[in-house]
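**Student:** Got a structure for you, questions after.
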Amino acid sequence: RHRGALVTVLAALLALALGALVLLHLLPPHREQGQPPPAAASSTTGPLCRHRSCQDKDPLTTRCGAEPQTLAEHETATGAWIQIRYSPVCGTSWARMWGAALGDRVEIRAGGADGPVYGARVTNRTEADTYVHTLMSVVDPRTSLQACFTPAAGGAKECFGAVAGDATAATAP
């Protein structure tokens, strides 16, 4: 009987201590009378550019790459992967590559044969182990996009396409 009472007392003390910790973390900090509430942190989310102001800029530093759509994806003969990316918020598209070798190159063309071409090349081991991406091109929904991969070791150039705004595009072979 004595052992059961001891367990009950310890459980009650533990519950009391846990309740006090929860209350301390849930209650707002104490403020002196007349002291203003702390200023809200300014919002630093969302892209830093939109549409024309994004032309020729990096999708990561402008935050356009925060929540993009992947329009198409292609595994190359060398095992590198290429994606055509699109940001509806920024109105831009770009290509990114990973699993590539030093010297491999990716390009994206927007708007057909006369459209601008943006390219990126793997220049060091860190880039080869992570992502490499092109600069952004401003596009409208329904703009045709083409990404091409050129292996540094030689071999055929591999290209595939997508349409801006078409997130239902099938993965390219």
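Read-outs throughout are calculated quantities, based only on the coordinates presented, and are distinct from any laboratory measurement. What you see is a predicted model, and the numbers here were worked out from it, not measured in a lab. So basically every Cβ, Gly included, is an ideal-geometry build from the backbone, and we count neighbours across all protein chains shown.
**Student:** May I ask for the net charge around Phe160, where only other residues with Cβ less than 14 Å from the Cβ of Phe160 are counted and Lys, Arg are +1 while Asp, Glu are -1?
**Tutor:** Once positives and negatives cancel, what remains is -1.
**Student:** Using the Cα centre of segment 37-128 as the reference point, and only Cβ charges (+1 on K/R, -1 on D/E), how large is the resulting charge dipole? Debye, rounded to the nearest 20.
**Tutor:** Numbers: 10 positive and 9 negative charges, 47 e Å.
Dipole of segment 37-128, to the nearest 20 debye: 220 debye.
**Student:** Each residue of segment 114-131 in turn: what ³J(HN,Hα) in whole Hz from Karplus with 6.51, -1.76, 1.60 and θ = phi - 60°, glycine and Pro shown as x?
**Tutor:** Each residue's phi maps through the Karplus curve to give 8, x, x, 10, 10, x, 8, 10, 6, 10, 8, 5, 4, 5, 5, 7, 10, 9 Hz.
**Student:** Just to check I understand the Karplus step: with θ = phi - 60° and J = 6.51 cos²θ - 1.76 cosθ + 1.60, what whole-Hz values come out for segment 81-88, glycine and proline as x?
**Tutor:** 10, 10, 10, 9, 10, 9, 10, x
**Student:** If you don't mind, another one. Along segment 10-19, what does the Karplus equation 6.51 cos²θ - 1.76 cosθ + 1.60 (θ = phi - 60°) give for ³J(HN,Hα), rounded to whole Hz, x for Gly and Pro?
**Tutor:** With coefficients 6.51, -1.76 and 1.60, one gets 5, 5, 5, 5, 4, 5, 5, 5, 5, x Hz.
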